Structure formats: C-alpha cells, structure tokens
Amino acid sequence: MLLIKSLETPRLRIRSWRRTDKDFTLSLWGDRVNGRYMCDPVRENMDEAYLKCVDEMEDNPEGYYLTVEWKENSAPVGTCCIFPENGNYDIGYCIAKDHWKEGLGTEVVDAIVRWVRAEGGKSVTGEVADSNLASVALLRKLGFSEDRKTRYKKWGEETWFDAHVYKLSLE
C-alpha cells in the first residue's frame, strides 16, 4: 500500500518505501547491531527468497512499508511498517544506530499513532523482543502496554526471541 501523503514530524518525513531505498534498507536490517532484534536476517543470510520479499515491498497490498528520512536533506535514517487489519494497525520500526538516543523512534511511532487515529483505527500493536529494552521503554512511554506473550524467529537462523505484543487502544 502507498501512503497518499507522507507523515511528518518536526524533524522527519515518513514516506512510502521505494525500490531505490533497497540498499539502505538491507544495510540497516542486515547489520548485526542495528537489526539485532528484527526477524530479518543478517546480511550473509539474505537468500533469494528474502530478497524477493524485499523487492515486493514497494506497493505491498497487505501493508505499508515506509522510509524515514530527514526533512532537511531527505537522507534516510530508518524504516517502519504498518499493517492494518480489522481496526488494528500492527507496526514495526528501525532507526539507524548512528541516530539512536536522539528521540527519532519516539517521533516515528508517535506520527504513526496520530495517522492511525486519523484513519479511524481502534488500536496499534507492535511485537518487541523482551531483551530489546529500548524499544520496550519507547512503547511504554507512548502508552502501550503488554497485550500477549509471543515468540519469533530470525529468518535463516535458529535464533529465537521471547517477545510481547504491546498494544495501545485508541478508543
């Protein structure tokens, strides 16, 4: 799905992902530190099936894949995604490690929540590894609470994460 209009924060623009964002995205997600808690594989485990999935993100009918960039110069600093289903919008986000602890993740998730509210969404969820303390703290700061326990696996590896889905009710 493509956003009709980019989302904006004081510092950032969140726009629909394009194939020209692929190299940035793969370097971000495939980095051992940056992509540590993601289900996406590290660079050396990105097989043809995975790369085909990435190639199909531009106008995926199931959800929105988005690039986060600085408003001032359009340089990418992260990615996020939104998957709507029956009034709930499940989200994911990743900020480049060079920009951690600058509040960008909070800006991104807050912008998504405001957009979901404007779209008439009933709730927002995000699955986070229990050991990803920064992301857990970010969601809690924005009013999310634990909804249910889960577990997920990193693509192409036997790495499993104990996790929780965090939920924010908008009703």
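If I ask for residues that are among the aromatic types (Phe, Trp, Tyr) and at pLDDT 95 or above, which ones from region 125-171 would you list?
Once the filter is applied, which keeps residues that are among the aromatic types (Phe, Trp, Tyr) and at pLDDT 95 or above, region 125-171 yields PHE144, TYR152, TRP160, PHE161, TYR166.
Please enumerate the residues belonging to region 33-46 that are at pLDDT 95 or above and exposed (fewer than 15 other Cβ atoms within 10 Å of the Cβ).
Within region 33-46, just VAL33 meets the criteria.
Assess whether ALA118 counts as being loosely packed, with under 13 Cβ neighbours inside 10 Å, free of Cβ contacts under 8 Å to residues at least 40 places away in the same chain and either within 18 Å of TRP29 (Cα to Cα) or β-branched (Val, Ile, Thr) (or both).
no
Residues being over 17 Å from the mean Cα position of the chain (by Cα) and either surrounded by 15 or more Cβ atoms within 10 Å (Cβ to Cβ) or more than 19 Å from VAL136 (Cα to Cα) (or both): count how many of those fall in region 148-160.
Let us first name the residues in region 148-160 that are over 17 Å from the mean Cα position of the chain (by Cα), namely 148-151, 156-160.
Narrowing further to those that are either surrounded by 15 or more Cβ atoms within 10 Å (Cβ to Cβ) or more than 19 Å from VAL136 (Cα to Cα) (or both): 156-159.
Selection size over region 148-160: 4.
Inside region 37-66, can you point out the residues that are closer than 14 Å to TYR93 by Cβ and part of a loop (DSSP other than H, G, I, E, B)? Walk me through it before giving the result.
First pass over region 37-66, keeping only residues closer than 14 Å to TYR93 by Cβ: 37-40, 63-66.
Hits for region 37-66 are TYR37, MET38, CYS39, ASP40, GLY63.
Can you report the number of residues in region 48-63 which are touching a residue at least 60 places away in the same chain (Cβ under 8 Å) and surrounded by 12 or more Cβ atoms within 10 Å (Cβ to Cβ)? First the steps, then the outcome.
As a first pass, look at region 48-63 and keep what is touching a residue at least 60 places away in the same chain (Cβ under 8 Å): 50, 61-63.
The next check asks that each one be surrounded by 12 or more Cβ atoms within 10 Å (Cβ to Cβ); those that pass are 50, 63.
Matching residues across region 48-63 total 2.
Can you pull out the residues in region 46-96 that are of a type in the set (D, E, K, R) and more than 13 Å from the chain's Cα centre (by Cα)?
Within region 46-96, ASP47, GLU48, LYS52, ASP55, GLU56, GLU58, ASP59, GLU62, GLU69, LYS71, GLU72, GLU85 meet the criteria.
Output the residue which, of all residues in region 1-35 that are without any contact (Cβ under 8 Å) to a residue 40 or more places away in the chain and of a type in the set (D, E, K, R), is nearest to LEU133 (Cα to Cα).
ARG32
State yes or no: is GLU107 in contact (Cβ under 8 Å) with a residue 24 or more places away in the chain, over 21 Å from ARG18 (Cα atoms) and within 12 Å of the chain's Cα centre (by Cα)? Steps first, please.
Details: in contact (Cβ under 8 Å) with a residue 24 or more places away in the chain: yes; over 21 Å from ARG18 (Cα atoms): yes; within 12 Å of the chain's Cα centre (by Cα): no.
Considered against the rule, which asks whether it is in contact (Cβ under 8 Å) with a residue 24 or more places away in the chain, over 21 Å from ARG18 (Cα atoms) and within 12 Å of the chain's Cα centre (by Cα), GLU107 comes out as no.
Go through region 6-36 and give me each residue that's within 28 Å of GLU119 (Cα to Cα), assigned to a loop (DSSP other than H, G, I, E, B) and out of contact with any Phe, Trp or Tyr (no Cβ under 6 Å at 6 or more places or on another chain).
SER6, THR9, PRO10, ARG11, ARG18
The values are calculated or read from the model by the stated rules, or taken from the named source; none is laboratory data. Small disclaimer: the values here were computed from a predicted structure and weren't measured. Note that we place each Cβ from the backbone using ideal geometry, even for glycine, and neighbour counts take in every protein chain shown.
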